[in-house]
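Reviewing the structure listed below.
The values are calculated or read from the model by the stated rules, or taken from the named source; none is laboratory data. Here the structure is a predicted model, which is why all the values come from computation and not from measurement. For accessibility, only protein heavy atoms count, side chains too; no ligands or nucleic acids. Shrake-Rupley method; radii C 1.70, N 1.55, O 1.52, S 1.80 Å.
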Amino acid sequence: MTEPQAKPFLRPAKILLMLLLGLLVYGVVLVLWVPAGWVWHQASRYVQLPPQVVVQQVSGRLWDGAAGVVVAGFPARVQWTLGWPSLTGLELPIGISLASSQSRVEGTASIGWPGNLDVTARGRIAVEEFEDLIRQSGGAMIEGDVSIDRLRLVFADNRLQQADGVGRWNGGLVTWPMGNQTGQAEFPPMQANIDTTEGGVALTVSEQGGDGPAADASIFWDGMMELRVYKRMVDLAQQPWPDSARPGDVVFRVRQPILPGGF
């Protein structure tokens, strides 16, 4: 009668499996605990940000961190939390929030292979915070906040492929430059819808519950923008206009480049 041959506990296959598990645990711990500031210090030399964007005070971990940023002179704080990656969908989900002194936008982003980005967001924008910039550009100033109920942006092949969103404003006083004077009027609640068109992105502004647009802007992939203002906007602003014009008539149109080279 022969005794069964004893097998060694540490066989080559088991040693290899233990090494792989150890490397996996080490990689997960590294991602969880590596300082975000150290990662940004290493990566910043390879990242080309627009000149209007400055990154400051990166803190926390790569998995869950925050950074101070200055965008066109406006300081803000960005916070992020990485989710577990999807191996089947080759995607990495990220929770993001962007807050300034009075405004806040938060949402999620999904980074997919090869370089796709899907962003959804909602939040509140305090218009007063950007008054100086609006005045310098000659735009109209509104009082109160603008709420972003829904916003989705999809990027692929280094281009914006889809845009969809809704924003609302509860109405109030609107002021705008009129030569050496300032015009003003009380506006009803308004809403803005953003959508993708065949040639670019369209933004439509209308009265909440109204029967047509008050203004719309189309931004095309070649970097051109076309802005149209309707008689309906003139009526909302309580400005005089010939009675022969109908609310849906275009009373002002301009087309000009806004971005060199397009999106």
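Using a cutoff of 8 angstrom between alpha carbon atoms and counting only pairs six or more residues apart, the relative contact order for the chain works out to 8 percent. Once the chain from ALA126 to VAL53 is taken as fully extended at 0.36 nm per residue, the excess over their C-alpha distance is 24.3 nm. The stretch 218-258 and the stretch 137-164 have Cα centres separated by 19 Å.
The residues of the chain expose, per residue, 67 Å² of accessible area to a 1.4 Å probe. Using a probe radius of 1.4 angstrom, the carbon and sulfur fraction of the accessible surface of the chain is 60%.
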